[in-house]
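Some notes on the structure that comes next.
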Amino acid sequence: MKKLVVLAAGFMLLGAFAAQAAPRKESPRARINRAPASGNLAQHKGWFAFVPKLGFVVPTGSYGDVSNSGFRFQGAAEYYLRNDWTIGVSTAWSQSGASDDSKTAAEAALPGGAAISSWKFRTMQFGGYARHLFATTSPKISPYVSGGLGIYSTKSSASGTGATQAEIDV
């Protein structure tokens, strides 16, 4: 898993430095920034954006039955192909704990009165996406539509007393 994280971070950095290293031909004329013909899309073509995020995880469905809320760290890097189109990559890491009902049910299945002191779920996510930005007449509203693909890996770990590690592995 560490190799995958290092590989993803390396690709993000390589893309950022490769774009900065590309020579740009400047026009002898003075550069004039003009607004698009309609809407408020800024002139961002060729720009990179780095987006760090911090948030909460609220499990739902059957995963919500065994897990409590947790926290999430996420980062993304995107490149503006045009003023209204971006492509990007993202990675995220989240952690949440097991619900009390899940711990109680798991402890009942363990031999000899074993107790689970800590049970955590960790999820790693990698993905890529494309985003289309819509022009509006208001600078305060920036609607967009986005689509992408990603992979997730969720692992759990538990520790406790009165049982061997092999008995409490989940």
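Tabulated data
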{"item": "Candidates Gly61, Gly97, filtered to the one that is of a type outside the set (D, E, K, R), over 9 Å from the mean Cα position of the chain (by Cα) and open to solvent by 30 Å² or more (accessible area, probe 1.4 Å)", "result": "Gly61"}
{"item": "Complete set of residues in the stretch 111-157 that are open to solvent by less than 70 Å² (accessible area, probe 1.4 Å), outside any strand (DSSP E or B), over 23 Å from Ala49 (Cβ atoms) and touching a Gly at 6+ places or on another chain (Cβ under 8 Å)", "result": "Ala114"}
{"item": "Residue satisfying all of: in the stretch 94-110; in contact with a helix residue (DSSP H, G or I) (Cβ under 7 Å, 6 or more places away or on another chain) and among the aliphatic types (A, V, I, L, M); nearest to Phe48 (Cα to Cα) among these", "result": "Ala98"}
{"item": "So Ser94, is it at pLDDT 90 or above and within 25 Å of Ser159 (Cβ to Cβ)", "result": "yes"}
{"item": "Near pairs, Cβ below 6 angstrom, 6+ apart or cross-chain, from the stretch 134-163 (of a type in the set (D, E, K, R)) to any residue that is surrounded by 11 or more Cβ atoms within 10 Å (Cβ to Cβ)", "result": "Lys155/Arg122"}
{"item": "Residue match in the stretch 82-92 (condition: among the aliphatic types (A, V, I, L, M), touching a Leu at 6+ places or on another chain (Cβ under 9 Å) and either in contact (Cβ under 8 Å) with a residue 24 or more places away in the chain or open to solvent by less than 60 Å² (accessible area, probe 1.4 Å) (or both))", "result": "yes"}
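The values are calculated or read from the model by the stated rules, or taken from the named source; none is laboratory data. Please read all numbers here as calculations on a predicted model, not as lab measurements. As a convention, Cβ positions derive from the backbone with ideal geometry for all residues, glycine included, and neighbour counts pool all protein chains shown. Accessible surface areas use protein heavy atoms only, side chains included; no ligands, DNA or RNA. Shrake-Rupley method; radii C 1.70, N 1.55, O 1.52, S 1.80 Å.
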